1. Just need log10 I(q)/I(0) for region 1-115 at q = 0.12, 0.20 Å⁻¹, Debye formula, equal scatterers on the alpha-carbon atoms, no solvent, rounded to two decimals.
2. Of the chain, which part is the longest with no trypsin sites (Lys or Arg not before Pro) in a loop (DSSP not H, G, I, E, B) and with at most 12 other C-beta atoms within 10 angstrom?
3. Could you work out how far helix 27-40 tilts from the main Cα principal axis of the chain, as a 0 to 90 degree angle to the nearest 10?
4. Given springs between every Cα pair under 10 Å in a Gaussian network model of the chain, which of PRO47, PRO110, PRO85 has the largest fluctuation?
5. Mind telling me which of VAL90, VAL48, VAL18 comes out most flexible in a GNM of the chain, alpha-carbon contacts under 10 Å?
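The numbers here are math on the coordinates, done by the rules we state, and not lab data. Bear in mind that the values here come from a model prediction, so they are computed numbers and not experimental data. Neighbour counts run over all protein chains shown; Cβ positions are idealised from the backbone, glycine included.
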Amino acid sequence: MRFGLAWVAFALSLGVHVADEAARDFLSVYNPSARMIRQALPFLPVPVFRFDVWLGGLIAAILLLLALAPLAFRGNRALRRIALPLGLVVGVFNAFCHIGGSLYLGRLMPGTLSAPLILAAGLWLIFEARRAATQS
């Protein structure tokens, strides 16, 4: 039950985060950085996005997470395994990138206002996935 709640909270916090990024023109910061990385490290497949493709893909991912919620409430083992890298990369790492980028550049970057929310939700998801795994 608690893993399911953490799963849904993570999906909803990701929705808030995407809305925060979209409202503050995240791609105007991300795309130029991605192009610079591509030039410096051409072997890295860093994507550049159009707004509609970026937003549509993220909305689809969030809807998929929510559609999987019934399995999460049943403590599905595969979702518990997926939850660890998901919470770590999409939650914790992503939040630190937004916060760290804001500190480094000395200005509030798009997505930073919701970064503490996805950080907390990502940590909760990881905690509940690990707790559920030890109880089964």
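1. After summing over all Cα pairs, the log10 values are -0.50, -1.15.
2. On the way: sites that count: ARG50, ARG74, ARG107.
That gives 1-49 as the longest site-free run.
3. 80 degrees
4. Fluctuation is largest for PRO47.
5. Comparing VAL90, VAL48, VAL18 in a Gaussian network model of the chain, the most mobile one is VAL48.
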